[in-house]
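Asker: Quick one: this structure, given as structure tokens, is what I'll be asking you about.
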């Protein structure tokens with residue numbers, strides 16, 4: 001039997017091909033009216049189930065509750081239920097698609113991801129966007145790789161650029177820096193990990209619902225400073241600069 005990481009990688013390649021085809025060939029109206037998430041979920045479930053029988057030791061889960069409630073699967077027992085399933089189970093977390101409105105509007109600022117969790121923690125994740133050169137793999141404790149190149153958030157900028165969650169109260173001390181907004185939390189977090197953004201001010205809720213991107217950020221060298229109302233994410237050099245300022 002193939003290792004789960006290999007299965008996740010090959011599933012990601014199938015999904016990348018499908019999402020590229022949809023994005024290029026379908027109009028905005030067509031994308032809005034098509035069951036895109038259902039199509040991608042079906043492909044992922046079919047592929048995973050070929051190697052690991054879902055509903056036994058492996059289950060699927062969705063990052064967003066609205067996806068879980070909306071999608072209708074032939075066998076609902078393959079969806080992870082923490083009330084009845086063991087923590088020893090392997091959970092395939094499907095997130096199709098971060099920033100779905102951007103996808104439907106034919107804007108490139110979105111990602112899709114497939115992650116594996118075990119004992120309540122994400123242990124690996126694949127994050128993809130073929131139009132922004134994002135083909136990221138991260139495994140807990142082993143770093144992050146984008147297109148076979150190591151990802152390290154080691155930049156040290158004189159003029160700091162940040163991004164932030166929507167509807168968050170920014171600390172006054174950070175307002176003086178330059179803000180970047182792509183209307184895509186997932187892409188902004190990936191840019192943070194790749195050193196294209198210097199720091200991120202993230203709400204507690206967004207932190208919890210974007211653990212795939214958070215894993216990539218941590219494995220690239222991003223550290224987290226937890227405040228009362230937010231989380232500040234930056235590499236060590238930038239974090240020291242922010243604390244000094």
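Asker: Using only the C-alpha atoms of region 1-144, find the volume of their convex hull and express it per residue in Å³. Mind dumping the intermediate values first?
Answerer: Working: hull volume 15.6 nm³, N = 144.
With only Cα atoms used, region 1-144 gives 108 Å³ per residue.
Asker: What relative contact order, as a whole-number percentage, does the chain give when Cα pairs under 8 Å and 6 or more residues apart are counted?
Answerer: Relative contact order for the chain comes out at 15 percent.
Asker: Please arrange 138, 115 by counting, for each residue, the other beta carbons lying within 10 Å of its beta carbon, fewest first.
Answerer: Working: 138 28, 115 23.
Listing 138, 115 from fewest to most nearby Cβ atoms yields 115, 138.
Asker: Now for a separate question. Taking the DSSP beta bridges in the chain as the whole, what percent of them are antiparallel, to the nearest 5? Write out the running numbers ahead of the final one.
Answerer: On the way: 33 of 45 bridges.
Around 75 percent antiparallel, to the nearest 5.
Asker: What's the exposure ranking of 200, 162, 90, going from fewest to most Cβ atoms within 10 Å? Present the calculation step by step, with values, prior to reporting the outcome.
Answerer: On the way: 200 27, 162 23, 90 17.
So the residues, fewest neighbours to most, are 90, 162, 200.
Asker: Taking Rg and Dmax of the Cα atoms in Å straight from the coordinates, which label in (i) 22.0, 74; (ii) 18.2, 56; (iii) 17.5, 52 is the correct one?
Answerer: Here Rg and Dmax of the Cα atoms in Å agrees with entry (ii).
Asker: Compute the whole-percent fraction of alpha carbon pairs in region 161-244 spaced more than 16 Å apart. Provide the component values of the computation, followed by the final result.
Answerer: Numbers: 1505 of 3486 pairs.
When all Cα pairs of region 161-244 are counted, 43 percent exceed 16 Å.
Asker: While we're looking at this one, here's another question. Using alpha carbon centroids, what distance separates region 108-163 and region 196-235, in Å?
Answerer: Between the Cα centre of region 108-163 and that of region 196-235, the gap is 12 Å.
Asker: What order do you get for 19, 145, 45, 216 when you list them from fewest to most C-beta neighbours inside 10 Å? Don't jump to the answer; show the numbers that get you there.
Answerer: Details: 19 24, 145 17, 45 20, 216 31.
Ranking 19, 145, 45, 216 by Cβ neighbours within 10 Å, fewest first, gives 145, 45, 19, 216.
Asker: Where both partners of a DSSP beta bridge lie in region 4-132, what percent of those bridges are antiparallel, to the nearest 5? Working shown, then result.
Answerer: On the way: 14 of 21 bridges.
Around 65 percent of the beta bridges assigned by DSSP in region 4-132 are antiparallel ones.
Asker: May I ask you to derive the relative contact order of region 3-127, considering only C-alpha pairs under 8 Å and at least 6 residues apart, and to give it as an integer percent? Please list the in-between numbers first.
Answerer: Numbers: 151 pairs, mean separation 30.5, N = 125.
For region 3-127, the relative contact order is 24 percent.
Throughout, read-outs are computed from the coordinates displayed, never taken from laboratory work. On a predicted model such as this, the values are computed, not experimentally measured, just so you know. As a convention, Cβ positions derive from the backbone with ideal geometry for all residues, glycine included, and neighbour counts pool all protein chains shown.
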